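Novice: A single structure is presented below for examination.
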Amino acid sequence: MDAPSKEFALAGSLEGRLVVHGGHRPILVVYDRGRVFALDNRCPHMGFPLERGSVEDGILTCHWHHARFDLESGCTFDLWADDVPICPVEVRNGDVWVKTTFTHADLAAHWHQRLANGLAHNLGLVIAKAIHGQLAAGVPQTEIVREVALFGAQNRDGWGVGLTILTALANILPLLPEEEAYLAPFHGARRVAADCDGEAPRRERAPLGSRPDPAALKRWLRRWTNVRHREAAERTLLTAIAAGTSPAELADALFAAGTERAFADTGHSLDFINKAFECLDLVG
């Protein structure tokens, strides 16, 4: 067990804390309450060396922005920070051996969840890191746009300016140089998160039990739009979708209803309808 291996390296003896060179970056080794822990020495929030933090009752505190972490799992108690990657550690005859490479088991899944957290709490730095992390993990840009669009649709009862901006920026993604491509989904995601901040989530609605013909559904949609009966208008639209109405017929019905109230919702209804269809084309 004491022989060196390709995966583990000798860190030192069981005393306090020390920093060793990892495969990618420094690793902090901490002895606390009879147990040894090894984790990334960089605070995931903004990179402050965690060796300069403090440990109390199994909690590691960064002294720059006071982010706090569970020593054993690396998980943060402060959602605006992030979880610290941890390393496997072994004690062999009183010496500490550390696996010198560390990462999350599934980077794409980790950054997917972090993006969800950033959007839910409207945290710009978390959103930026999550989008950059997903791109680095090989997640397609359209998947990131889809995640943000679904969040915006589910966490605000109605299309907002943020979703329009997200779609407009997603449209130009193929034209952006690779080193700047992350900026488009980031700024779109920030606006979507701001739109949803403090809003009630979307209420689920269901289609009607019947399946009227497309002409009747189009007339009904215009009727409900004219009298501002939102629930009826959405149930009518959901019924058209459930009935297998084609995208062209759906667009015709929506634009017909929208043009009768061109100045409703400060005049953005037609633009919102157009961008909603563009978004669907982008994310599938």
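Novice: Can you find, within the stretch 14-45, the residue that is farthest from Gly94 (Cα to Cα) among those that are touching a residue at least 40 places away in the same chain (Cβ under 8 Å) and assigned to a loop (DSSP other than H, G, I, E, B)?
Specialist: Among them, the one singled out is His45.
Novice: Let me ask something additional. Please give the number of the condition Glu51 fails out of (1) at pLDDT below 90; (2) over 25 Å from the mean Cα position of the chain (by Cα).
Specialist: Just one mismatch for Glu51, condition (1).
Novice: State which residue is nearest to Leu18 (Cα to Cα) when the search covers only the stretch 47-70 and only residues that are outside any loop (DSSP other than H, G, I, E, B) and of a type in the set (Asp, Glu).
Specialist: Result: Glu51.
Novice: Applying the selection to the stretch 176-216, what residues are touching a Ser or Thr at 6+ places or on another chain (Cβ under 6 Å) and assigned to a helix (DSSP H, G or I)?
Specialist: If the condition is that a residue be touching a Ser or Thr at 6+ places or on another chain (Cβ under 6 Å) and assigned to a helix (DSSP H, G or I), then Pro214 is the only one that fits.
Novice: So, in the stretch 143-159, how many residues would count as being open to solvent by 20 Å² or more (accessible area, probe 1.4 Å) and not acidic (Asp, Glu)?
Specialist: 9
Novice: Need a quick list: helices (runs of 4 or more DSSP H) entirely within the stretch 89-164 having at least 1 residues that are aliphatic (A, V, I, L, M) and in contact with a Cys (Cβ under 6 Å, 6 or more places away or on another chain).
Specialist: Hits in the stretch 89-164: 141-154.
Novice: Can you tell me which residue among Pro174, Pro140 is free of Cβ contacts under 8 Å to residues at least 24 places away in the same chain, open to solvent by 50 Å² or more (accessible area, probe 1.4 Å) and either of a type in the set (Gly, Ala, Ser) or farther than 13 Å from Val283 by Cα (or both)?
Specialist: The conditions single out Pro174.
The values are calculated or read from the model by the stated rules, or taken from the named source; none is laboratory data. Because the structure is predicted, anything quoted here is derived from the model rather than measured. Don't worry about glycine lacking a Cβ; one is built from the backbone with ideal geometry, like all the others, and counts go over all protein chains shown. Protein only, heavy atoms only, side chains kept; ligands, DNA and RNA dropped before computing areas. Shrake-Rupley method; radii C 1.70, N 1.55, O 1.52, S 1.80 Å.
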